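Comments concern the structure below.
The values are calculated or read from the model by the stated rules, or taken from the named source; none is laboratory data. Remember, predicted model here, so these are calculated numbers, not experimental data. Counting neighbours? That spans all protein chains shown, and the Cβs are built from the backbone with ideal geometry, glycine included. Each accessible area value is taken on the protein alone, full model and side chains, heavy atoms only, with ligands, DNA and RNA left out. Shrake-Rupley method; radii C 1.70, N 1.55, O 1.52, S 1.80 Å.
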Amino acid sequence: MLVELKNTTKKLCVIGDPVLHSKSPLIHNAMIKALGLDYLYLCQPVKAGETARWLEAAKAADYAGFNATMPHKEALLPLMDELDEDARLCRSVNTVCIREGKAYGYNTDGQGFLRALLDHGVDPAGRRVVVLGAGGAAKAVALKLSQRGAASVTVCNRTAEKAAALCTQDPAGRLEPAGFDRAVLRALCARGDLLVNCTSLGMAGTAGQFEDLSFLEALPAGTPVCDLIYHPAETALLVRARALGHPAVNGLGMLLHQAVLALERFTGRTIDAPAMTALLTPLLTG
Ligand code: NAP
(Lines give C-alpha, C1' and ligand atoms only; values in the text may rest on other atoms or scores of the structure.)
Protein backbone atom coordinates (compact mmCIF):
# COMPACT_ATOMS: atom_id res chain seq x y z
CA MET A 1 0.00 0.00 0.00
CA LEU A 2 1.55 3.31 -1.09
CA VAL A 3 1.02 6.38 1.10
CA GLU A 4 2.37 9.81 0.25
CA LEU A 5 5.07 10.95 2.68
CA LYS A 6 5.78 14.58 3.50
CA ASN A 7 8.13 16.10 6.06
CA THR A 8 5.04 16.90 8.13
CA THR A 9 3.61 13.35 8.03
CA LYS A 10 2.65 12.17 11.51
CA LYS A 11 3.74 8.71 12.63
CA LEU A 12 1.51 5.95 14.03
CA CYS A 13 2.18 2.24 14.53
CA VAL A 14 1.16 -0.99 16.18
CA ILE A 15 3.48 -2.52 18.76
CA GLY A 16 3.53 -6.15 19.89
CA ASP A 17 5.41 -9.42 19.90
CA PRO A 18 4.51 -11.18 17.69
CA VAL A 19 3.14 -8.38 15.53
CA LEU A 20 4.25 -8.99 11.94
CA HIS A 21 0.94 -10.78 11.20
CA SER A 22 -1.05 -7.68 12.26
CA LYS A 23 -3.71 -6.32 9.91
CA SER A 24 -3.58 -2.90 11.61
CA PRO A 25 -1.08 -1.30 9.18
CA LEU A 26 -3.19 -2.41 6.18
CA ILE A 27 -6.42 -1.17 7.79
CA HIS A 28 -5.09 2.15 9.06
CA ASN A 29 -3.07 3.07 5.95
CA ALA A 30 -6.11 2.31 3.77
CA MET A 31 -8.26 4.60 5.93
CA ILE A 32 -5.54 7.28 6.02
CA LYS A 33 -5.29 7.23 2.24
CA ALA A 34 -9.04 7.25 1.66
CA LEU A 35 -9.52 10.15 4.09
CA GLY A 36 -6.53 12.14 2.76
CA LEU A 37 -4.91 12.33 6.20
CA ASP A 38 -1.24 13.26 6.67
CA TYR A 39 -0.34 10.16 8.71
CA LEU A 40 1.70 6.98 8.21
CA TYR A 41 1.04 3.75 10.14
CA LEU A 42 3.92 1.30 10.70
CA CYS A 43 4.42 -2.15 12.22
CA GLN A 44 6.80 -2.04 15.20
CA PRO A 45 7.95 -5.20 17.01
CA VAL A 46 8.51 -4.44 20.71
CA LYS A 47 9.43 -7.24 23.12
CA ALA A 48 7.86 -7.92 26.52
CA GLY A 49 9.57 -5.83 29.20
CA GLU A 50 10.37 -3.05 26.70
CA THR A 51 7.02 -1.22 26.95
CA ALA A 52 8.25 1.75 29.00
CA ARG A 53 11.38 2.14 26.88
CA TRP A 54 9.23 2.08 23.73
CA LEU A 55 6.90 4.76 25.10
CA GLU A 56 9.84 7.06 25.81
CA ALA A 57 11.23 6.38 22.32
CA ALA A 58 7.83 7.10 20.73
CA LYS A 59 7.62 10.41 22.59
CA ALA A 60 11.19 11.33 21.58
CA ALA A 61 10.52 10.39 17.94
CA ASP A 62 7.34 12.50 17.99
CA TYR A 63 4.87 9.67 17.27
CA ALA A 64 1.25 10.83 17.30
CA GLY A 65 0.24 7.52 18.83
CA PHE A 66 0.19 3.75 18.54
CA ASN A 67 -1.91 0.67 19.00
CA ALA A 68 -0.78 -2.14 21.27
CA THR A 69 -1.31 -5.85 21.18
CA MET A 70 0.17 -8.74 23.20
CA PRO A 71 2.15 -8.47 25.50
CA HIS A 72 1.83 -4.71 26.14
CA LYS A 73 -1.83 -3.98 26.87
CA GLU A 74 -1.62 -4.32 30.66
CA ALA A 75 1.96 -3.01 30.92
CA LEU A 76 0.91 0.31 29.36
CA LEU A 77 -1.70 1.01 32.02
CA PRO A 78 0.55 2.52 34.74
CA LEU A 79 2.56 4.44 32.12
CA MET A 80 -0.37 6.60 30.96
CA ASP A 81 -0.93 10.20 32.06
CA GLU A 82 -4.68 9.75 31.53
CA LEU A 83 -6.98 6.79 30.85
CA ASP A 84 -10.44 6.63 29.30
CA GLU A 85 -13.24 4.84 31.14
CA ASP A 86 -12.93 1.58 29.15
CA ALA A 87 -9.15 1.33 29.65
CA ARG A 88 -9.62 1.91 33.39
CA LEU A 89 -12.41 -0.68 33.52
CA CYS A 90 -10.48 -3.34 31.53
CA ARG A 91 -7.14 -2.40 33.12
CA SER A 92 -5.75 -2.65 29.63
CA VAL A 93 -4.76 -0.15 26.90
CA ASN A 94 -4.90 -0.86 23.15
CA THR A 95 -4.61 2.71 21.85
CA VAL A 96 -2.19 5.43 22.98
CA CYS A 97 -2.24 9.06 21.82
CA ILE A 98 0.79 11.23 22.47
CA ARG A 99 0.08 14.93 22.78
CA GLU A 100 2.65 17.46 24.00
CA GLY A 101 4.71 14.71 25.66
CA LYS A 102 1.75 13.22 27.52
CA ALA A 103 0.34 9.73 26.93
CA TYR A 104 -3.42 9.15 26.79
CA GLY A 105 -4.57 5.54 27.00
CA TYR A 106 -7.78 4.12 25.53
CA ASN A 107 -9.32 0.71 25.04
CA THR A 108 -11.48 0.47 21.91
CA ASP A 109 -12.09 -3.33 21.94
CA GLY A 110 -15.35 -3.38 23.93
CA GLN A 111 -16.88 -0.46 22.03
CA GLY A 112 -15.75 -1.98 18.73
CA PHE A 113 -17.43 -5.26 19.63
CA LEU A 114 -20.66 -3.53 20.65
CA ARG A 115 -20.82 -1.45 17.46
CA ALA A 116 -20.28 -4.56 15.34
CA LEU A 117 -23.08 -6.37 17.17
CA LEU A 118 -25.44 -3.40 16.75
CA ASP A 119 -24.57 -3.32 13.01
CA HIS A 120 -26.05 -6.83 12.85
CA GLY A 121 -29.21 -5.68 14.60
CA VAL A 122 -28.31 -7.39 17.89
CA ASP A 123 -28.60 -5.25 21.01
CA PRO A 124 -27.31 -7.13 24.07
CA ALA A 125 -29.39 -5.00 26.47
CA GLY A 126 -31.70 -7.29 28.46
CA ARG A 127 -30.19 -10.50 27.03
CA ARG A 128 -28.74 -13.43 28.97
CA VAL A 129 -25.34 -13.72 27.39
CA VAL A 130 -22.99 -16.70 27.45
CA VAL A 131 -19.36 -15.63 26.93
CA LEU A 132 -16.79 -18.34 26.15
CA GLY A 133 -13.29 -17.45 27.35
CA ALA A 134 -11.78 -15.21 29.99
CA GLY A 135 -8.71 -13.77 28.24
CA GLY A 136 -8.07 -10.16 27.24
CA ALA A 137 -10.75 -10.03 24.54
CA ALA A 138 -13.34 -11.72 26.76
CA LYS A 139 -12.70 -9.14 29.46
CA ALA A 140 -13.37 -6.19 27.13
CA VAL A 141 -16.46 -7.91 25.69
CA ALA A 142 -17.98 -9.10 28.99
CA LEU A 143 -17.52 -5.74 30.72
CA LYS A 144 -19.04 -3.90 27.73
CA LEU A 145 -22.01 -6.31 27.66
CA SER A 146 -22.64 -5.61 31.33
CA GLN A 147 -22.28 -1.86 30.80
CA ARG A 148 -24.78 -2.03 27.94
CA GLY A 149 -27.34 -3.61 30.27
CA ALA A 150 -27.26 -7.33 29.47
CA ALA A 151 -29.57 -9.14 31.92
CA SER A 152 -26.72 -11.50 32.81
CA VAL A 153 -23.29 -12.36 31.45
CA THR A 154 -21.89 -15.81 32.25
CA VAL A 155 -18.16 -16.12 31.63
CA CYS A 156 -17.26 -19.75 30.86
CA ASN A 157 -13.60 -20.64 30.94
CA ARG A 158 -11.34 -23.69 30.98
CA THR A 159 -9.21 -22.10 33.73
CA ALA A 160 -11.76 -21.39 36.46
CA GLU A 161 -9.65 -18.83 38.37
CA LYS A 162 -9.38 -16.58 35.31
CA ALA A 163 -13.17 -16.47 34.90
CA ALA A 164 -13.61 -15.75 38.61
CA ALA A 165 -11.01 -12.97 38.53
CA LEU A 166 -12.59 -11.35 35.45
CA CYS A 167 -16.03 -11.33 37.06
CA THR A 168 -14.79 -9.39 40.10
CA GLN A 169 -13.89 -6.48 37.77
CA ASP A 170 -17.50 -5.64 36.87
CA PRO A 171 -18.74 -2.63 38.84
CA ALA A 172 -22.36 -3.55 38.00
CA GLY A 173 -21.89 -7.09 39.39
CA ARG A 174 -23.62 -8.72 36.39
CA LEU A 175 -20.81 -11.15 35.50
CA GLU A 176 -20.88 -14.72 36.77
CA PRO A 177 -18.11 -17.29 36.30
CA ALA A 178 -18.79 -20.82 35.04
CA GLY A 179 -16.93 -23.89 33.80
CA PHE A 180 -16.29 -25.00 30.24
CA ASP A 181 -17.44 -28.61 30.16
CA ARG A 182 -20.16 -29.91 27.88
CA ALA A 183 -22.88 -30.17 30.56
CA VAL A 184 -22.31 -26.62 31.82
CA LEU A 185 -22.26 -25.12 28.33
CA ARG A 186 -25.42 -27.00 27.34
CA ALA A 187 -27.31 -25.88 30.44
CA LEU A 188 -26.25 -22.25 29.99
CA CYS A 189 -27.03 -22.24 26.26
CA ALA A 190 -30.54 -23.57 26.97
CA ARG A 191 -31.37 -20.32 28.74
CA GLY A 192 -29.13 -17.99 26.69
CA ASP A 193 -30.18 -15.16 24.36
CA LEU A 194 -26.73 -14.54 22.87
CA LEU A 195 -23.53 -16.63 22.64
CA VAL A 196 -20.12 -15.02 22.12
CA ASN A 197 -16.93 -17.00 21.55
CA CYS A 198 -13.93 -15.10 22.90
CA THR A 199 -11.60 -18.10 23.06
CA SER A 200 -8.97 -18.69 20.42
CA LEU A 201 -10.55 -22.08 19.57
CA GLY A 202 -11.13 -22.25 15.82
CA MET A 203 -8.60 -19.55 14.89
CA ALA A 204 -6.54 -20.31 11.77
CA GLY A 205 -2.93 -21.22 12.52
CA THR A 206 -3.66 -22.53 16.02
CA ALA A 207 -4.07 -26.16 16.96
CA GLY A 208 -7.17 -25.69 19.11
CA GLN A 209 -10.70 -26.53 18.01
CA PHE A 210 -13.87 -27.12 20.03
CA GLU A 211 -13.93 -30.86 20.67
CA ASP A 212 -17.71 -30.87 20.88
CA LEU A 213 -20.15 -28.27 19.53
CA SER A 214 -23.32 -30.07 20.65
CA PHE A 215 -24.01 -27.31 23.20
CA LEU A 216 -25.18 -25.21 20.24
CA GLU A 217 -28.18 -27.54 19.86
CA ALA A 218 -29.46 -26.34 23.25
CA LEU A 219 -29.68 -22.68 22.17
CA PRO A 220 -33.23 -21.38 21.70
CA ALA A 221 -34.17 -20.89 18.03
CA GLY A 222 -32.86 -17.68 16.49
CA THR A 223 -30.26 -16.99 19.21
CA PRO A 224 -27.39 -15.03 17.65
CA VAL A 225 -23.94 -16.64 17.82
CA CYS A 226 -20.92 -14.38 17.58
CA ASP A 227 -17.26 -15.37 17.20
CA LEU A 228 -14.48 -12.80 17.70
CA ILE A 229 -12.34 -14.75 15.24
CA TYR A 230 -12.30 -13.38 11.66
CA HIS A 231 -9.68 -15.75 10.18
CA PRO A 232 -11.17 -18.04 9.01
CA ALA A 233 -14.22 -15.95 8.14
CA GLU A 234 -16.42 -18.77 9.44
CA THR A 235 -15.12 -20.94 12.26
CA ALA A 236 -16.51 -24.43 12.84
CA LEU A 237 -18.62 -22.86 15.61
CA LEU A 238 -20.23 -20.38 13.20
CA VAL A 239 -20.70 -22.99 10.45
CA ARG A 240 -22.58 -25.25 12.89
CA ALA A 241 -24.57 -22.34 14.39
CA ARG A 242 -25.66 -21.21 10.93
CA ALA A 243 -26.61 -24.79 9.99
CA LEU A 244 -28.83 -24.85 13.07
CA GLY A 245 -30.53 -21.65 11.89
CA HIS A 246 -28.85 -19.14 14.21
CA PRO A 247 -27.66 -15.76 12.95
CA ALA A 248 -23.83 -15.99 12.87
CA VAL A 249 -21.53 -12.97 13.28
CA ASN A 250 -17.73 -13.16 12.90
CA GLY A 251 -15.05 -10.85 14.35
CA LEU A 252 -14.39 -8.73 11.26
CA GLY A 253 -16.82 -5.99 12.31
CA MET A 254 -15.16 -5.72 15.72
CA LEU A 255 -11.71 -5.52 14.11
CA LEU A 256 -12.83 -2.71 11.80
CA HIS A 257 -14.77 -0.74 14.41
CA GLN A 258 -11.97 -0.80 16.99
CA ALA A 259 -9.60 0.49 14.28
CA VAL A 260 -12.01 3.29 13.29
CA LEU A 261 -12.36 4.26 16.96
CA ALA A 262 -8.56 4.28 17.35
CA LEU A 263 -8.04 6.47 14.25
CA GLU A 264 -10.67 8.86 15.60
CA ARG A 265 -8.65 9.14 18.83
CA PHE A 266 -5.35 9.62 16.93
CA THR A 267 -6.69 12.31 14.58
CA GLY A 268 -9.46 13.95 16.62
CA ARG A 269 -11.78 13.49 13.61
CA THR A 270 -15.12 11.75 13.40
CA ILE A 271 -14.84 8.95 10.83
CA ASP A 272 -17.68 7.47 8.78
CA ALA A 273 -17.59 3.86 10.03
CA PRO A 274 -19.97 2.39 7.39
CA ALA A 275 -17.88 3.97 4.60
CA MET A 276 -14.69 2.54 6.12
CA THR A 277 -16.33 -0.89 6.49
CA ALA A 278 -17.27 -0.80 2.79
CA LEU A 279 -13.70 0.20 1.90
CA LEU A 280 -11.92 -2.32 4.12
CA THR A 281 -14.07 -5.44 3.95
CA PRO A 282 -12.90 -6.40 0.40
CA LEU A 283 -9.25 -5.77 1.41
CA LEU A 284 -9.56 -8.13 4.37
CA THR A 285 -11.72 -10.83 2.85
CA GLY A 286 -10.50 -10.85 -0.76
P1 NAP B 1 -6.09 -14.78 25.29
O2 NAP B 1 -6.02 -13.65 26.26
O3 NAP B 1 -4.89 -15.61 25.03
O4 NAP B 1 -7.30 -15.75 25.75
C5 NAP B 1 -7.52 -16.98 25.12
C6 NAP B 1 -8.79 -17.63 25.67
O7 NAP B 1 -9.02 -18.83 24.93
C8 NAP B 1 -8.70 -18.01 27.14
O9 NAP B 1 -9.95 -17.88 27.75
C10 NAP B 1 -8.28 -19.47 27.06
O11 NAP B 1 -8.66 -20.24 28.18
C12 NAP B 1 -9.10 -19.92 25.86
N13 NAP B 1 -8.55 -21.14 25.28
C14 NAP B 1 -7.43 -21.26 24.53
N15 NAP B 1 -7.23 -22.54 24.18
C16 NAP B 1 -8.26 -23.25 24.73
C17 NAP B 1 -8.61 -24.64 24.74
N18 NAP B 1 -7.87 -25.55 24.09
N19 NAP B 1 -9.74 -25.01 25.39
C20 NAP B 1 -10.50 -24.09 26.04
N21 NAP B 1 -10.21 -22.76 26.08
C22 NAP B 1 -9.09 -22.36 25.43
O23 NAP B 1 -6.55 -14.26 23.84
P24 NAP B 1 -7.45 -12.97 23.51
O25 NAP B 1 -6.59 -11.82 23.24
O26 NAP B 1 -8.51 -12.86 24.54
O27 NAP B 1 -8.08 -13.41 22.08
C28 NAP B 1 -9.04 -14.46 22.01
C29 NAP B 1 -9.54 -14.57 20.57
O30 NAP B 1 -10.24 -13.39 20.20
C31 NAP B 1 -8.43 -14.77 19.55
O32 NAP B 1 -8.84 -15.72 18.59
C33 NAP B 1 -8.28 -13.41 18.90
O34 NAP B 1 -7.86 -13.48 17.56
C35 NAP B 1 -9.72 -12.90 18.96
N36 NAP B 1 -9.79 -11.42 18.99
C37 NAP B 1 -10.45 -10.81 17.99
C38 NAP B 1 -10.53 -9.42 17.99
C39 NAP B 1 -11.28 -8.73 16.89
O40 NAP B 1 -11.09 -7.52 16.70
N41 NAP B 1 -12.14 -9.41 16.17
C42 NAP B 1 -9.95 -8.68 19.03
C43 NAP B 1 -9.28 -9.36 20.04
C44 NAP B 1 -9.20 -10.75 20.01
P45 NAP B 1 -7.68 -20.38 29.46
O46 NAP B 1 -7.85 -19.12 30.24
O47 NAP B 1 -8.16 -21.58 30.16
O48 NAP B 1 -6.29 -20.53 28.91
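Miscellaneous remarks
- Projected area averaged over orientations for the chain, convex hull of C-alpha atoms, nm²: 14.5 nm²
- Portion, in percent, of the accessible area of the chain that falls on carbon or sulfur, probe 1.4 Å: 53 percent
- Sites listed here are GluC sites (Glu not before Pro) in the stretch 1-109 whose DSSP assignment is loop and whose Cβ has at most 14 other Cβ atoms within 10 Å: 4, 100.
- Positive-end residue, the stretch 128-286 charge dipole about Cα centroid, Cβ charges, pick of 198, 248, 145: 145
- Using only the C-alpha atoms, the convex hull of the stretch 149-286 corresponds to 149 Å³ per residue.
- Cross-link partners for residue 11 among the lysines, with Cα-Cα distance under 18 Å and sequence neighbours closer than 8 places in the same chain left out: 23, 33, 59, 102.
- Debye intensity ratio in log₁₀ form over the Cα atoms of the stretch 212-286, taken at each q of 0.19, 0.21, 0.23, 0.26 Å⁻¹: -0.81, -0.89, -0.98, -1.12
- At full extension, residue 190 and residue 206 could sit 2.9 nm farther apart than now, given 0.36 nm per residue minus the alpha carbon distance.
- Gap separating the Cα centres of the stretch 166-207 and the stretch 1-70, nearest whole Å: 33 Å
- Across all Cα atoms of the stretch 1-128, the radius of gyration (one decimal) and Dmax (whole number) stand at 15.7, 52 Å.
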